[in-house]
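Every number here is computed from the coordinates shown, using simple stated rules; none is lab data. A quick note: this is a predicted structure, and the numbers were derived from the prediction, not measured. Cβ coordinates were reconstructed from backbone atoms using ideal geometry, including for glycine residues, and neighbour counts include every protein chain displayed.
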Amino acid sequence: MPDEHAVTLMIRSAYLEGGRPSPPLTPSELRLMDHHRPLRRIGCKLPVLLVAAAVLIAVLVTGTPLRTKLHGTEPDRHARSGVASYSAYGLQVSIPRTWTVRAFPPCPVAASPGALDIGQTDLSYFCPRSLGPGSIVELYALTVPLAWTGKPPTRSSVNGIPVLRLASNDSTLWYVPSAHAELVGQGAGSKGVLGTLRRATEGATPAPGVGNGSEYLVALGRVPVSGAVKVESLTSGTTSVVQVVKGQFSFSGAPGQYRVTGSDGTAPCSPVRVTLISGRYSTVPPILCQGE
Amino acid sequence: MPGSRDEASFDAFFDAAWGRLQGQAYVLTGSRESAQDLTQETLLRVWQHWDTVSAMDNPEAWARKVLQNLGIEWWRKTRRRRPPDQLATTSVQPESHLELAQALQSLPANHARALVLHDGVGITVAQLALELAVPEGTVKSWLSRSRRIVAEQLTQFDQDPAPR
């Protein structure tokens, strides 16, 4: 039988071993769960069904070919925490798992309980603001130099990241100089999500990138082709077929290298390669198919 | 009101207390995943009451008590979900830690708490006496008696590894 001292040693050893793993989430991510909590406590299926229905409606209403639902390897560290983290531009934000995540949505639309939009389309300048109930946080890189109008921003730091803040009555705008990116938050739940901003970690799911390309039949001149191209991820080996309309195509995928192969009847087309960058547009080199 | 709670002071508390609470949770459950879950749940409750808890002399003592209660609840649910003889075999942790956690369940709640906090976390008898609101002599007696009971339980597990 172990003596009293042996029991003490066993307890001490278990305590030291158990205390070693670092927290799977940050304090700001834990606070997000606080807002998210009432759903779980009710323990009833109805609220879950309502959220699922809202997400489904949002997907049906706002869906476009370009919009991509974020997915990928589940971050282990958040697997049971009720919080999911996404990264782009070297930054990371975390959201409750009940939130909707979209990459390059045509227009930002707040969802209930919330939506995280990563990346912006070129058409977003024409989008109206404050659409829909619930909350929304947008994270996107700027493609032009920053220009402030009106009230000067406040300099501050969020989890060690310097930001310039500009808040109005209904929204908060943060500019992150180191990433040349902006975060915009609207709705009650956005503040908590903005507070989770930090430098990207491996545990976060990287936002996809978008590749824009063109395909031509080359004979005496260049003729735009309509049809399909095969897109193959050189990282995961997965392939997909993307429609080409009047020589133009667009696809999105996880960051990494892709091979794009065109086809135009019997005309041989040289495959091209492109690297997709998280949250950004990349230009695919033109696919040229040799005609007679 | 979530907005009125002091986030900066909670962040500091979270960073300082996480490892100790998780260690305590691991001793109680013998499972890494469950220890992480219990610690997270404990700190969530701390945050929900942060206005009150942060004003206490020893906020971590409050957190430890919450954790201990969650640990007891966890064992109750675990026993209900899985037949007792499967408890050890379904864990990926070294069996000794699971057996230790099981042995601690045979103690009265306060005795187990004292033993884990003293022998594991390293809290002194005097501090424990304050935290548990009992005389120091009582704490010492609980500790000694609890260690003997745990030792007996562990021996029994060795001799009869079947259903428990």
For a quick check: with amide H placed at 1.01 Å from N, whose amide H comes under 5 Å from A:Tyr140's, ignoring anything fewer than 5 positions away on the same chain? A:Gly119, A:Glu182
Cα to Cα, under 12 Å, and not fewer than 8 places away if on the same chain: which aspartates and glutamates meet these conditions relative to B:Lys140? B:Asp119
Based only on other Cβ atoms within 10 Å, what is the fewest-to-most ordering of A:Ile277, A:Ile11? A:Ile277, A:Ile11
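Just in region A:203-292: which chymotrypsin sites (Phe, Trp or Tyr not before Pro) are loop by DSSP and have at most 11 other Cβ atoms within 10 Å? Could the numbers behind the result be given before it?
On the way: sites: A:Tyr216, A:Phe249, A:Phe251, A:Tyr258, A:Tyr281; in loops: none.
Hits after loop and neighbour filter: nothing returned.
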Where a Cα-Cα gap under 16 Å defines reach, which aspartates and glutamates qualify for A:Lys230, not counting those fewer than 8 residues away within the same chain? A:Glu215, A:Asp264
Going by how many other Cβ atoms sit within 10 Å of their own, how do A:His5, B:His97 line up, fewest first? A:His5, B:His97
Please go through region A:177-262 and write out the GluC sites (Glu not before Pro) that DSSP classes as loop and that have at most 15 other C-beta atoms within 10 Å. A:Glu202
